[in-house]
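The values are calculated or read from the model by the stated rules, or taken from the named source; none is laboratory data. Predicted model, so just to flag it, every value in this text is computed and none were measured. In this analysis, Cβ positions are derived from the backbone assuming ideal geometry, glycine residues included, and neighbour counts consider all displayed protein chains.
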């Protein structure tokens, strides 16, 4: 695909060894690291998991780059790996957290449970939140979407992919992309409308 700006660099990597993380491999990493991390962060919802998912993405990418056949844009392939790595890590993290809830919620000797330890006196009205805090609310709302809806929102609006590119990245039809986006919009509207009302009208 000559319209793909990454073709020459990918071919250079395919002719080299992933053990040598310099030259074209380093250039490829530098070209994609911020975009990969951003996708991973938007799906996992926290920096630590995003970093782990990013590292896993590049590990897979370097090991399997020789298998890329240029039947799609290389960036679409990279995004697909990042999305899958993020979803897998998020599921593993959720399982670990669920397994530990009973331990965390047990009252400590001579102390109170986690729920009882909350200080109601520090709660502030949502109307006073900063822009950064409002963005955190948006991120939390995105993180509560199903993985399928999360990924179309992240790719379409955060990574600015076209419908065609999202379709190519996820291996689904454009009609399915549009359907998932519509469902994601509805879900985000339900989550964020009360937050925005309190923020701007409270």
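Give the residue, chosen from 181, 196, that is out of contact with any strand residue (DSSP E or B) (no Cβ under 9 Å at 6 or more places or on another chain), farther than 25 Å from residue 81 by Cα and either part of a helix (DSSP H, G or I) or at pLDDT below 90 (or both).
196
If you scan region 26-51, which residues turn out to be surrounded by fewer than 18 Cβ atoms within 10 Å (Cβ to Cβ) and assigned to a helix (DSSP H, G or I)? Steps first, answer last, please.
Taking region 26-51 first, the residues surrounded by fewer than 18 Cβ atoms within 10 Å (Cβ to Cβ) are 26-27, 29-31, 33-35, 38, 46-48, 51.
Result: 26, 27, 29, 30, 31, 33, 34, 35, 38, 47, 48, 51.
Return the residue satisfying two criteria in turn: it lies in region 65-91 and is in contact (Cβ under 8 Å) with a residue 12 or more places away in the chain, part of a helix (DSSP H, G or I) and over 17 Å from the mean Cα position of the chain (by Cα), and of such residues it is surrounded by the most Cβ atoms within 10 Å (Cβ to Cβ).
Filtering region 65-91 for residues that are in contact (Cβ under 8 Å) with a residue 12 or more places away in the chain, part of a helix (DSSP H, G or I) and over 17 Å from the mean Cα position of the chain (by Cα), the one surrounded by the most Cβ atoms within 10 Å (Cβ to Cβ) comes out as 74.
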